[in-house]
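The values are calculated or read from the model by the stated rules, or taken from the named source; none is laboratory data. A quick note: this is a predicted structure, and the numbers were derived from the prediction, not measured. Neighbour counts are summed over all protein chains in view; Cβ atoms, including those assigned to glycine, are modelled from backbone coordinates with ideal geometry. Accessible surface is based on the protein model in full, side chains and every heavy atom, while ligands, DNA and RNA are left aside. Shrake-Rupley method; radii C 1.70, N 1.55, O 1.52, S 1.80 Å.
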Amino acid sequence: MTTIESNASTADWELLWAQGRRYRRLDDAERRLMDEYLGPGRGRPALDIGTGEGAVARHLQHELGYRATGVDCSPSAVALAASQGTGPGAGPAWQCLDITADDLAALPEPAYAVITCRLVYRWMDDKSAFLNRVRHLLAPGGTFWVVTEVEGRRTTTDLALLRLGVTPVEAAILTAGWSVVRTADLDVLRCYALRP
């Protein structure tokens with residue numbers, strides 16, 4: 001098993017979630033892009049990495065028809081996701097799992113038609129190792145959906161906020177080695193639909 005480092009530890013994320021920290025909400029524009037780029041799930045498995053409060057996993061499950069699993073390294077985030085309304089039918093499965101360190105065999109499926117990673121990629125120190133783990137889990141013909149802030153898009157002088165975006169080099173690492181790379185921009189965010 002390969003373990004990779006992220007520049008925010010599991011303990012850091014747990015502390016933030018336990019203290020009530022919340023992150024950018026999933027909005028209608030982002031939902032529409034997911035619908036367009038990911039398409040109907042027809043019961044196929046989907047994995048939401050860094051699920052947080054679970055909005056992406058719930059959208060995949062209830063709106064697109066995937067059989068979603070949301071994972072997060074923070075027990076407080078997983079508990080929050082599980083406590084949210086589930087909508088019609090069965091809700092997503094929730095699992096506390098550190099995608100950078102835990103055994104991937106602990107996941108409920110060996111491969112996923114869709115893997116999502118919203119506002120998480122930026123925090124991976126070893127982005128290549130993280131992407132290798134994702135590729136290992138992605139089913140043939142599957143889609144890796146990444147939403148991340150892009151450097152230089154914020155209009156602020158706050159250095160803490162300016163460093164939230166991925167650099168051009170980090171974006172190049174993300175898009176290298178995929179046969180299909182599609183992107184769409186939303187204000188400070190860029191959405192990537194990547195296929196092997």
Check the range 57-74 and report whether any residue there is open to solvent by 30 Å² or more (accessible area, probe 1.4 Å), out of contact with any Gly (no Cβ under 9 Å at 6 or more places or on another chain) and either modelled with pLDDT of 90 or more or closer than 20 Å to Leu137 by Cβ (or both). no
Taking the range 119-128, which residues are part of a loop (DSSP other than H, G, I, E, B) and farther than 20 Å from Leu60 by Cβ? Asp125, Asp126
Top-ranked residue of the range 94-108 - restricted to ones that are of a type in the set (Gly, Ala, Ser) and not in a loop (DSSP other than H, G, I, E, B), ranked as nearest to Val71 (Cα to Cα): Ala106
Those residues that are open to solvent by less than 60 Å² (accessible area, probe 1.4 Å) and not in a strand (DSSP E or B), I need them from the range 129-151; list them, please. Ala129, Phe130, Leu131, Arg133, Val134, Leu137
Within the range 155-176, can one find any residue that is touching a Pro at 6+ places or on another chain (Cβ under 7 Å) and either exposed (fewer than 13 other Cβ atoms within 10 Å of the Cβ) or not in a helix (DSSP H, G or I) (or both)? no
Looking at this structure, is Thr116 among the polar types (S, T, N, Q), without any contact (Cβ under 8 Å) to a residue 40 or more places away in the chain and either part of a loop (DSSP other than H, G, I, E, B) or crowded, with 23+ Cβ neighbours inside 10 Å (or both)? no
Would you pick out the residues in the range 15-35 that are modelled with pLDDT of 75 or more and either out of contact with any helix residue (DSSP H, G or I) (no Cβ under 7 Å at 6 or more places or on another chain) or open to solvent by 40 Å² or more (accessible area, probe 1.4 Å) (or both)? Arg25, Asp27, Asp28, Ala29, Glu30, Arg31, Arg32, Leu33, Asp35
If Gln84 satisfies every condition in (1) without any contact (Cβ under 8 Å) to a residue 60 or more places away in the chain; (2) touching a strand residue (DSSP E or B) at 6+ places or on another chain (Cβ under 7 Å); (3) not small (Gly, Ala, Ser) but one, which is the exception? (2)
